[in-house]
Each structure stands twice: as structure tokens, then as C-alpha cells.
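To start, the structure under review is shown below, and the notes come after it.
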Amino acid sequence: MKTSLKNFYILWSTQSLSRLGSQSTGFALTLWLFSRTGSALQTALLSVCSYAPYVLVSIFAGALSDRWNKKATMLGCDTFAFFTTVVLGILLYFDLLEPWHLYALNALNGLMDSLQGPACEVAITLIVPKSQYQKISGLQSFSRSLTTTFHPLVATSLFGMFGIQSVLLLDALTFSIAAIALLLFVPIPEYGRKSSSSDVIESAKLGIQCLKEHRLVLLLIEFLAGVNFVASAYDAALPAYLLSVPQGGNQILAFVNMTAGIAMIGGSACASLIPAPKNRVKVIVDTMLISLTVCNFMMPLLRTPLWWCIAQAIGYFLVPIMNTNLDVIVRNDIPLSMQGRVYACRNAFQFFTIPLGLIFGGVAIDNIFEPLMAQASPEAWPLILFGNFYGAGAGAFIFVLGLLGFLLCLVFRKKLCI
């Protein structure tokens, strides 16, 4: 009987530590690649190569994770990621590392993440009392916020002082701690493995059918797919804007990003401590309405670092609160035997818009918004509103994303009968 959170605390803390190592490696590789190529596009392709295969195989990976032993799946995927880190270290040592190596290894890690993610979520459901779902969801958001805040600092510090090899070593060390803890100290029940005899495709179809039968969850996934499209387009635009605006620069961009992580820590703590809301769906939509509009409107209109940080904090503080309420709805509504497949389907449907948003943002800024702003006369209202400098097009695009986010939330408020 699940009465203690001891096993969850061990799993959560060590997996969070491993995530810090992995994200630090990803950030260091971004620094390394940009310093070698000077290309924003080649650097952005690192994220695209991670997300694309993750999205493409998530549905089938969830079906497999439901049938496989959860602990073995998690250990196997993490071990594979460890060996990709080793390969990177070898290529760096012999000065053979090329961009295409990074793209290929990121794609392989994306495949492993598509298996590991659903297995981990189901494992947590198996070891946590139902009454503690909101608390542990808040703690998960808290740890994700911590790693979001500190991995750039860790990666930049190690990269600058000791080189990229030191970041890879940290990644290997944190993996070892997480793997030993999971292997020796976290028992995970083998729920439902023997009851599933269908093949992978049929099993994935069952996950999709389960989503169709739980229309509320499906509608929320559709909504968040739209949110992710807007948010990832914003992520593509923010560096182009802050690195170009006269009051911006490298340090300002780093500080604004760190503000986002700090805000998410505060939001995660809030999500863990506040009482359960009466209407979780309303909380999900309303938090995103505020996040997608206030942040996107303030960022290009109030062109000082202080206001940029305030805008970023408002936008990101609410994300953990949204995630916590969504997680509780999924865990409560979806049968345990189907959760791995449903989490995988959710990942595929909810996150496939992220690479699309990244590509859309880059193309729209380079080919539409910046050229239009450059051709406008000095007295034109867009230049008065967003400024007359290279990068103002990115600011105008961020503002348009705020309008798009506003319309998205209004449409789904109606669909969800709020």
C-alpha cells in the first residue's frame, strides 16, 4: 500500500540531479556549436533534432513502456544517454566532433526520452498515494524550475573555466548517482505488464482511443499544443530581440532567462502549497491567457531590462501552476493501466508544435517582420510602437504572438465551456 513518499523523494531528487547534468551538457553544446559556426540556424537545429524524433515515435514508445518493466526501461534509456555522452567526449578528445554528430546524437536521445518519459510518469503514479498527486506534481515543477534556472550558470561556469569536457564529466557523474539510486533504493511495482498481449500498433491505438473517450483530457492537450506553438515561436524570437535592442545584449538575455527560472521556482512552490482549486480546467486556461498576453505585450513595448524581467516573471510564474493542474487531471481521469500510452500520446500531440513553432518563428522574423520594419518610413506607427532598430521586427512578432495567444485562449474557453 502506498502510504509514504520516501521512494518518490529518492527518485525525484536523483532524477532531477541527472536532468541538471543533461541540460548543462545541452547548453554547453549550444555554446560550443555557436562558437564554431556562428549560425543561429545550425544552433536551433539542436532543439529541432531533439524534439522531432521524440514526437514522431512517442505514441508507440508509450505502448512499449506500458508493456515493459518501468525500472528497466528508465535505466536502459538513461544508460543509452550516458553512452552518447561518452561518444561526445571521445569525439571531442580526438577533435573529430562535427555539427552532424550532435544532430544525430540529439535525435537518438530524443528517441530514448520518448520511452523514458512515460515510464517515469507511470512509475511515479505507482509509488505515490493518490492524495499526494498535487503535492508531487508541484515538486516536479519545482525541480524542473530549478534546473531551468541553474543549468545555464553551471554549464557556462564549467565551460569557461575547464572546457566542455568538464560539463560532460558532470553529466556522467549525475547519471551514475541517479542510476544507482533507482537500481538499489526505489522499488517499483510491475503493474499491468502481463495483462497486455496486443502488439505495439494496436496498443498505441488503444492509447489514442482512451484519449478520445476522455474528451476533457484530449481538449486540454489540443489547447496546450496551441500554447506550445506560440511559446516556442516566442523562444525563437526572444534572443533575436534582446540581442539587437539597444538596451539589450548577452548579459541581459542571460539575466532575463534566469528570471524565468526563478519565477518558475516561485510558481512551483505556490502550486505545491495552495489548496486544490474548484475548477482545474479554468485555472489551466486562465493562467495561459495571462502568460501569453501580458508577457508578450510588455516585452516589445516597455524597452528596459527591468520591465523585460517583470514581463518574463509574469509569464513563467504561472506555468508550473498550469502544469500541476493538468497533471492531476490526467492522473485522476486516465486508468493506471493506460497511463503510459496516454502520456506518450499526450507528448506526441502536445509537443509536435514545438519544432514547428521554432521554425515558424525564425522564418517569420528573418523573411517577413524584419524586412517590413526595415522598409517602413520613420513616421510609420510600427516603428513608433516597436522602435527603429534591427531587431524591432522580432519585437513586433512577439506582440503579434500575444494577440495569437489571446485568441487561442478565448477559443478554448468556449470549447471547454468555461
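Some observations on this one:
- Within the option set 323, 332, being in contact with a Ser or Thr (Cβ under 7 Å, 6 or more places away or on another chain), farther than 17 Å from residue 60 by Cα and among the polar types (S, T, N, Q) holds for one residue only, 323.
- The range 160-190, subset buried (at least 17 other Cβ atoms within 10 Å of the Cβ) and closer than 21 Å to residue 336 by Cβ, residue modelled with the lowest pLDDT: 188
- Taking the range 310-339 as the range and being outside any helix (DSSP H, G or I) and under 23 Å from the mean Cα position of the chain (by Cα) as the test, the residues that pass are 318, 334.
- Residue satisfying condition, being modelled with pLDDT of 90 or more and assigned to a helix (DSSP H, G or I), within set 115, 96, 105, 126: 105
The values are calculated or read from the model by the stated rules, or taken from the named source; none is laboratory data. What you are looking at is a predicted structure, and each value in this text was computed from that prediction instead of being measured. As a convention, Cβ positions derive from the backbone with ideal geometry for all residues, glycine included, and neighbour counts pool all protein chains shown.
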